[in-house]
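Q: One structure, pasted below without further comment.
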Amino acid sequence: MITRNELPAYIPAILTGINIKAGDRLTREQKDDLVQDVFLGALEHMAGDGIVTAAWLKLRAESRTLNALKAAHNNREESFEEWHARLDTDEDNSSVPPSLLDLDTPEGLYAVREFIKDMSDEDKEMLEMLVEGMTQQEVADVMGLDQASISRRLECFRRQLGE
């Protein structure tokens, strides 16, 4: 059990955990806000006769970090739907991710466009996060799934596209 006086000693460990989870996808200010949120939550929990442990702090920090990553993902400049709509008007395919440019033929590109159009919103969101550089594990954490589920979905997409 951690006391109020011991809480400040946990700041470096919590910040390190947030840095590992968020990488460079959150600003320093956002990370500092997360640390503050974790400790304010701990103080509120203690005031209500709750017990705070190192594990409690770690779980709260992870949860808050994943929420911040999802919020940052949802507040990006261009939505996946906007990017997808540009595919139809992009003559030189400059907005198509390099992995999709392997399909050199117009038929292949059309098949990918139609495939994406028919995807569920959740699958579009998953692909978008991966295209933006998140790892499969990070996507799984944000979406509340396990990494194996993300891998299976990707393998299914590959089979459906005939790769």
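The values are calculated or read from the model by the stated rules, or taken from the named source; none is laboratory data. Values in this document were obtained by computation on a predicted structure and should not be read as measured data. Cβ sites come from the backbone with ideal geometry, for glycine too, and all protein chains shown count toward neighbours.
Q: Among (1) modelled with pLDDT of 85 or more; (2) over 20 Å from Ala22 (Cβ atoms), where does Thr65 come up short?
A: (2)
Q: For segment 17-40, name all the residues that are farther than 11 Å from Glu62 by Cα and part of a helix (DSSP H, G or I). Break it down stepwise before answering.
A: At the first step, the residues of segment 17-40 found to be farther than 11 Å from Glu62 by Cα are 23-33, 36-37, 39-40.
The answer is Arg28, Glu29, Gln30, Lys31, Asp32, Asp33, Gln36, Asp37, Phe39, Leu40.
Q: Is there any pair linking a residue in segment 139-163 that is farther than 16 Å from Ser120 by Cβ to one that is surrounded by fewer than 16 Cβ atoms within 10 Å (Cβ to Cβ) and at pLDDT 80 or above, with Cβ under 7 Å and at least six apart or on different chains, and which?
A: The qualifying pairs are Ala140/Asp146; Ala140/Gln147; Ala140/Ser149; Gln147/Gln137.
Q: Does segment 34-51 include one or more residues that are exposed (fewer than 11 other Cβ atoms within 10 Å of the Cβ), over 21 Å from Val131 (Cβ atoms), touching a residue at least 40 places away in the same chain (Cβ under 8 Å) and more than 21 Å from the chain's Cα centre (by Cα)?
A: Within segment 34-51, one or more residues are exposed (fewer than 11 other Cβ atoms within 10 Å of the Cβ), over 21 Å from Val131 (Cβ atoms), touching a residue at least 40 places away in the same chain (Cβ under 8 Å) and more than 21 Å from the chain's Cα centre (by Cα).
Q: With the condition kept exactly as written, say whether any residue in segment 79-100 is farther than 23 Å from Asp141 by Cβ and modelled with pLDDT of 65 or more.
A: For segment 79-100, residues farther than 23 Å from Asp141 by Cβ and modelled with pLDDT of 65 or more: absent.
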